[in-house]
Every structure is written in structure tokens, then in C-alpha cells.
């Protein structure tokens, strides 16, 4: 099964959102699980990661120990960083965030070629991760958000994301609607909430994937599969030539 990545036509930086296709993991992790923290065979995860990095030309990778918060790491080299977003202007460095229902958000500043990647779950969105990563990209590259380009990868859609009233209140009541099948519960459109925050910051070139992790068996979903769900990556690489 060949490697399959989802790409956003608005981005000029090399990038992609991985799916389940193209790896060697088995069972609930089949086939391209990229996390070492969910119980998968480490040797299989290492091979999955190698295949993804080979697709990008074996670059150095910066990734996160994610906390479902709003902290942004501005990085100049490979390694593991703490927080939920990464920003760089280092040519060739690949930024990666992990997700399995939360939204991977990729950003680029075409003028400076600086790029960013963020992990946006409801807690991070409520805490301001979208605003923080856009501000960090503006500071690093010196550009205005109006010139930035954003791509929002697959995540759990508003039809499938059932939450309590406290979550809707934290993210924004306009993004939730009562669930008629479950009194006191709501369906939250986190995808719309993130896109609205980007537009509110001045971005107008925003690509949004319409694929739902819960509904699509080609994608991992923590809500559908439980703790043994694999993880996917959202990846973006700062390139001097600005081409795919």
C-alpha cells in the first residue's frame, strides 16, 4: 500500500497531512502509525517514520511533546520541543505535529518563507493556540497575517464531535448546537471555530480539509478507536525555492 498524503493547493511550502496508508504497523495501528506512545511496535513505528521522512528527502525533523495548550516553540533545528505549535525560518527543517481527531494546522508566510505547524484541539483553541502561532510567525518573518496562507488538515467534524456545555462555552457558543439525541450534550464544529479565528486575525487564504477522522476509515480517530488509535502527522518544510 503506497504512502498517501493529503496536500493543500494553497500552500507553496513542501507539506502534507499523513493518512493511515503506506506503513507497516498492524492491528489497530494499521498501517502508518507515527506515534511511539500508543503501544505499537517501536520498530514498526520507526519504519513508518522513515518512510514519511524519505518522502520529504530525509530532512531534519522538529516535533512536539504536545500538551493541549497554547505554547509556541520558535525553533532553529531538529529535536523534540514542548508545546503545541512550532515556528521556523530555517531552510529545510521539517516541522511536525501529531493528531488523531484534533486539527493539524499548517501556516506559511510567502514573503519571508517562514512556516509554522500547530496542534489544535479544543483546549488549545480555547487557550489561544491559533492566535499565538499566527503572532509568532508574524514576529519571526516580519510579515502581516493578511499575507499568510493556512491549511487545516483532517479532524473530527461537527456532526461527530459530541461534547459537554463547558467545552462549547470555552471554544465559543456559536460553534456548538444541541444534540437532539442526547439532552444536555452538544455537537461542536471545531473546524469552523479554527477557521473563524484565522479569518478574525486577517487571514483570507485558508484551505480546509473536508475529511472527518471519525467517519473516514483511512484516518486514525481516538474517539472511534480508543487509546490504541494510531497518530497522523501534519508536516511543513521551509523551502528556499518555494516549490512542492
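Among 160, 212, which comes first, second and so on when ranked by fewest other beta-carbon atoms within 10 Å?
160, 212
Under a plain spin-label model, where a point goes 7 Å from the Cα along Cα-to-Cβ, how far apart in nm are residue 135 and residue 80?
Between residue 135 and residue 80, the label points sit 2.8 nm apart.
Can you put 236, 206, 194 in order, fewest other beta carbons within 10 Å first? Write out the running numbers ahead of the final one.
Details: 236 29, 206 19, 194 26.
Ranked by crowding around the Cβ, least crowded first: 206, 194, 236.
As an exercise, use a Förster radius of 22 Å and the Cβ-Cβ distance of residue 68 and residue 111 to find the FRET efficiency, rounded to the nearest 0.05.
On the way: r = 31 Å, r/R0 = 1.42.
Calculated transfer efficiency: 0.10.
Please pull out the direction-averaged projected area of region 63-158, using the convex hull of its alpha-carbon atoms, in nm² to one decimal place.
Numbers: hull surface 22.6 nm².
Result: 5.7 nm².
Given the chain, what percent of its DSSP beta bridges are antiparallel, to the nearest 5? Please list the in-between numbers first.
Values: 31 of 45 bridges.
DSSP beta bridges in the chain are roughly 70 percent antiparallel.
Using only alpha carbon positions, build the gyration tensor of the chain, then give the equivalent ellipsoid semi-axes as the square roots of 5 times its eigenvalues, largest first, whole angstrom. Each step should come with its number before you reach the end.
On the way: eigenvalues 134, 114, 41 Å².
After diagonalising the Cα gyration tensor, the semi-axes are 26, 24, 14 Å.
Taking 0.36 nm per intervening residue step and subtracting the Cα-Cα distance, what contour gain separates residue 205 from residue 10 on full extension?
Working: separation 195, 0.36 × 195 = 70.20 nm, distance 0.73 nm.
Additional length available on full extension: 69.5 nm.
Relative to a virtual label point 7 Å from the Cα of residue 54 in the Cα→beta-carbon direction, which members of region 12-26 show backbone nitrogen distances below 14 Å?
22-25
To the nearest 0.05, what FRET efficiency results for residue 182 and residue 21 with a Förster distance of 30 Å applied to their C-beta separation? Can you show the working numbers first?
Values: r = 33 Å, r/R0 = 1.11.
So the FRET efficiency works out to roughly 0.35.
Once you wrap a convex hull around the alpha carbon atoms of region 1-133, what is its projected area averaged over all directions, in nm²?
Working: hull surface 31.9 nm².
Seen from a random direction, the Cα hull of region 1-133 projects 8.0 nm² on average.
Would you please report the Å³ per residue occupied by the convex hull of the alpha carbon atoms in region 141-244?
Details: hull volume 14.8 nm³, N = 104.
Dividing the Cα hull volume of region 141-244 by its residues yields 142 Å³.
Return the distance in nm (one decimal) between the two label points of a simple spin-label model at residue 146 and residue 215, each offset 7 Å from Cα along Cα→Cβ.
3.6
Counting only the backbone N, which residues of region 115-132 are under 18 Å from the spot 7 Å out from the Cα of residue 169 toward its beta-carbon?
122-128
Each reported figure results from applying straightforward, stated rules to the coordinates on display, with no laboratory input. Because the structure is predicted, anything quoted here is derived from the model rather than measured. Every residue, glycine as well, gets a Cβ built from its backbone with ideal geometry; the counts of neighbours run over all protein chains shown.
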